[in-house]
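First the structure, in the form of C-alpha cells, and then the observations on it.
The values are calculated or read from the model by the stated rules, or taken from the named source; none is laboratory data. All values reported here derive from a predicted model rather than from experimental measurement. Don't worry about glycine lacking a Cβ; one is built from the backbone with ideal geometry, like all the others, and counts go over all protein chains shown. What goes into the accessible areas is simple: the full protein's heavy atoms, side chains included, and nothing from ligands, DNA or RNA. Shrake-Rupley method; radii C 1.70, N 1.55, O 1.52, S 1.80 Å.
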Amino acid sequence: MQRLNLYFLLFFIVVLVSCEKKPAEQKTTHKSSSLNLKAIADKTMALINLQPGEKAFMIGKPGEFDSLVVLFRDKIAAAGGTYLGIINIDTTSWPSSWDTEFVTSAKGKSKEELIKLYDGIDLGIMLPGAGTTQAPYSAWQAVLKNGKGRAVHLHWAGADDMTGKDIVVDSTIAAMYQTAILDLDYAKITSQQNEFENALRKSGVTVATPAGTNLSFKIGDRSVTKKDGDGSKAHNDKKTTLMDREVELPAGAIRVAPVEESIEGTMVFPTAMWGDQKVEGLVITFKKGHITDVKATEGLDFVKSKVTPGIAGYIFCDFGLGFNPILSITESNQRILNYGYGAGTVRLSLGNNSELGGAVGGDFKRI
C-alpha cells in the first residue's frame with residue numbers, strides 16, 4: 001500500500017503528563033490594547049455562531065484582555081444567548097464588575113463542584129491567560145469529555161524557539177496570532193484538512209527527515225481532530241473526544257492518535273533541553289508501538305529514566321501537522337508558534353493521548 005509521505009520541518013514534543021503540551025501559561029510583554037480586540041471578538045463570535053437560547057460563560061484572568069469581557073458579553077446578548085458571567089482562573093476573587101449570580105456561586109468551588117455547576121452550559125469561552133491546569137478550565141474539560149458543550153479558546157501561548165524551548169509571547173508574536181485569527185482562509189483550511197484526513201485513512205503515514213527519522217503508522221478509525229476554527233454548536237455536537245470539542249484560535253492544526261500497535265521505525269530528535277537536561281543525538285526505536293531501543297550521545301541516562309525500552313504498554317501520543325500559513329516557519333520567523341500550528345510543521349509527541357481517543361494512559365511526570 002502506498003503511504004502518504006511527509007517531509008517537513010519536524011518538531012518533537014515530549015510531555016509525559018499528556019500529549020497536549022500544557023506548560024504554565026506564558027508571560028507576555030505586550031499590551032492587549034495594541035491589538036484590535038473588537039475585530040478578534042467579531043471574528044470569534046462569527047466562528048461560534050451562537051444560537052438563541054444557548055448558555056455561555058467565560059474563564060479569564062483579571063488584568064489581561066479585560067476589554068474582551070465586555071465585548072463578548074454584549075455580543076452573546078445580541079445573539080440571543082444567555083450570558084452567565086466570567087470566572088476568574090483561581091476561583092477565589094475578581095473584580096466586582098465580574099459578579100453575576102452564576103459567578104458568585106462558583107467562588108471557592110473545587111473542580112468537582114465546578115463540574116456540577118457547569119452541567120447544562122452550551123459554550124465556554126477561554127480567554128488569554130486561562131490554562132488547562134487551572135481548576136475552572138480543567139472542570140470544563142471534564143464536561144467536554146462527557147460529550148457536553150464546547151470550548152472556544154483564544155490560545156495566546158505556545159511559542160517556542162527552534163529547539164522547542166518556551167519563549168515569551170511578545171508584541172510581534174501577539175500580532176501574528178491576531179493576524180492568524182483575522183486573516184486565515186477558514187474554508188480553504190477546512191478543505192485541506194478534509195483532503196488530508198482522507199489520505200491518512202487510505203494510506204497511513206511515513207514521516208521521514210534528512211536526520212534519519214523514519215516512522216510509519218496507521219490511524220484506522222481513530223478520530224482526527226481538525227482545528228479548523230469552527231466553533232458552532234452544529235459542528236461540535238458531532239464530535240466525540242475532548243480535543244474535538246475544544247476549538248482553538250488561532251486555528252490550523254490537525255491531530256490524531258495513531259493505532260498504537262501500527263507504529264514502526266525510528267524518531268531522531270534534534271538537540272534540545274528536556275527541562276534542565278540537555279539531550280543530544282537522541283534516537284528512539286519503536287516496534288509494534290513499543291519502545292525497543294533508546295540511544296543518545298548526551299543525556300541518555302536521563303532519557304531512559306523517563307522512557308524505558310521494553311516498558312509495558314505504549315507511550316507514543318500523537319501525530320500533528322500544521323496548516324496555518326500565517327504561522328509558518330520562514331526566514332523571517334524562526335519560531336514554532338502556537339504549538340506547531342504553522343503550515344508545514346510536523347509534531348510528534350509522547351505521553352497520554354486519551355483526550356484524542358487513544359489508548360495511552362498514565363500520569364507521567366512532565367519533562
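Mind listing just one residue for me: the one in segment 50-72 that is under 21 Å from Thr91 (Cβ atoms) and among the β-branched types (Val, Ile, Thr) and, of those, farthest from the chain's Cα centre (by Cα)?
Only one residue fits best here, namely Val69.
What's the number of the condition Thr163 fails, among (1) open to solvent by less than 10 Å² (accessible area, probe 1.4 Å); (2) over 23 Å from Glu54 (Cβ atoms); (3) among the β-branched types (Val, Ile, Thr)?
The number of the failed condition is (1).
Does Ala139 qualify as being open to solvent by less than 20 Å² (accessible area, probe 1.4 Å), without any contact (Cβ under 8 Å) to a residue 40 or more places away in the chain and in contact with a Leu (Cβ under 8 Å, 6 or more places away or on another chain)?
Yes: the conditions hold for Ala139.
Need pairs with beta-carbon distance below 7 Å; first residue more than 18 Å from Arg222 (Cα to Cα) and within segment 340-356, second polar (S, T, N, Q) and in a loop (DSSP other than H, G, I, E, B); sequence gap 6+ or separate chains.
These pairs meet every condition: Gly342/Ser328; Ala343/Ser328; Gly344/Ser328.
Out of everything in segment 70-94 that is surrounded by fewer than 20 Cβ atoms within 10 Å (Cβ to Cβ) and β-branched (Val, Ile, Thr), what residue ends up being modelled with the lowest pLDDT?
Per the criteria, the residue is Thr92.
With the checklist (1) in contact with a strand residue (DSSP E or B) (Cβ under 8 Å, 6 or more places away or on another chain); (2) open to solvent by 10 Å² or more (accessible area, probe 1.4 Å) in hand, flag the one item Gly357 doesn't pass.
Of (1) in contact with a strand residue (DSSP E or B) (Cβ under 8 Å, 6 or more places away or on another chain); (2) open to solvent by 10 Å² or more (accessible area, probe 1.4 Å), only one is false for Gly357: (1).
Name the strands (runs of 3 or more DSSP E) wholly within segment 173-240 that hold at least 1 residues that are more than 27 Å from Val152 (Cβ to Cβ)?
205-208, 214-217
Looking at segment 81-92, is at least one residue under 25 Å from Ser138 (Cβ atoms), among the small types (Gly, Ala, Ser) and in contact with a helix residue (DSSP H, G or I) (Cβ under 8 Å, 6 or more places away or on another chain)? Don't jump to the end; show me each part of the working.
Step one: of segment 81-92, the residues under 25 Å from Ser138 (Cβ atoms) are 81-92.
Imposing the further condition that a residue be among the small types (Gly, Ala, Ser) reduces the set to 81, 85.
Going one step further and asking which of them are in contact with a helix residue (DSSP H, G or I) (Cβ under 8 Å, 6 or more places away or on another chain), we end up with 85.
Yes.
Which of the residues belonging to segment 28-56 are in a helix (DSSP H, G or I), among the charged types (D, E, K, R) and open to solvent by less than 70 Å² (accessible area, probe 1.4 Å)?
Asp42, Lys43
Residue pairs, Cβ under 9 Å, 6 or more apart or interchain, first in segment 268-296 and within 24 Å of Lys165 (Cβ to Cβ), second open to solvent by less than 60 Å² (accessible area, probe 1.4 Å) and of a type in the set (D, E, K, R). List them.
Trp274/Lys306; Val283/Asp293; Ile284/Asp293
Just need a number here: residues in segment 146-172 that are more than 21 Å from Glu331 (Cβ to Cβ), outside any loop (DSSP other than H, G, I, E, B) and among the small types (Gly, Ala, Ser).
The total comes to 1.
Could you tell me how many of the residues in segment 260-296 are open to solvent by 40 Å² or more (accessible area, probe 1.4 Å), not in a strand (DSSP E or B) and not β-branched (Val, Ile, Thr)?
Result for segment 260-296: 5.
Take the residues of segment 306-327 that are part of a loop (DSSP other than H, G, I, E, B) and of a type in the set (Gly, Ala, Ser): which is modelled with the lowest pLDDT?
Looking at residues that are part of a loop (DSSP other than H, G, I, E, B) and of a type in the set (Gly, Ala, Ser), I get Ala312.
If you scan segment 115-142, which residues turn out to be among the β-branched types (Val, Ile, Thr) and in contact with a strand residue (DSSP E or B) (Cβ under 8 Å, 6 or more places away or on another chain)?
Ile121, Ile125
Can you tell me which of (1) open to solvent by 20 Å² or more (accessible area, probe 1.4 Å); (2) farther than 23 Å from Val205 by Cβ; (3) at pLDDT 90 or above; (4) of a type in the set (Gly, Ala, Ser) is the one Gly299 doesn't meet?
(1)
Give the residues of segment 148-160 that are open to solvent by 10 Å² or more (accessible area, probe 1.4 Å) and at positive phi, sorted by residue number.
Correct list: Gly149 only.
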